[in-house]
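Engineer: What follows is a structure written as structure tokens; I'll ask about it next.
Computed from the coordinates by the stated procedures, all read-outs in this text should not be read as laboratory data. Keep in mind that this is a model prediction, so the values were computed, not measured. Note that each Cβ is placed from the backbone with ideal geometry, even for glycine, and that neighbours are counted across all protein chains shown.
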Amino acid sequence: MPTRPPIHRNPWEKAPQERARAYERERGSSASRGYGYDWRQFRERILAERPLCQDCEQQGRLTAASEVHHIAKPRARPDLRLDPQNVASLCVSCHSRRTGRGE
Ligand SMILES: [Zn+2]
């Protein structure tokens with residue numbers, strides 16, 4: 001009497017080593033997007049140095065910034081990922097307006 005039901009292999013399922021490679025690729029791309037530990041540290045520093053939303057400030061409003069926006073995308077310019085000149089402190093609504101425009 002078998003203790004386990006027979007395993008029916010799905011022929012379309014990827015082999016485990018292939019899945020592991022896909023996972024590594026995914027990890028690699030998430031690191032290359034630039035949101036690891038060093039980014040979190042950098043982001044905190046930027047928000048401490050520039051606590052106001054830049055876009056709101058330009059329109060004469062004083063709004064607390066809670067997001068740090070990349071001007072040149074880390075994917076395009078990984079060298080500028082942690083460059084204070086390449087980021088803007090923004091509030092949530094200004095940030096979503098910018099990302100909505102594809103910035
Ligand atoms: Zn704003």
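Engineer: Which residues in segment 89-103 place their backbone N less than 14 Å from a point set 7 Å from the Cα of R43 along the Cα-to-Cβ direction?
Structural biologist: Only 89-92, 95-96 fall inside the zone, counting backbone N under 14 Å.
Engineer: Label points 7 Å out from Cα along the Cβ direction at R101 and Y35: separation in nm?
Structural biologist: Here the modelled spin labels are 2.2 nm apart.
Engineer: Run the quick spin-label model on A72 and I7: label points 7 Å from Cα toward the beta carbon, then report their separation in nm to one decimal.
Structural biologist: Reported label-point gap for A72 and I7 is 4.9 nm.
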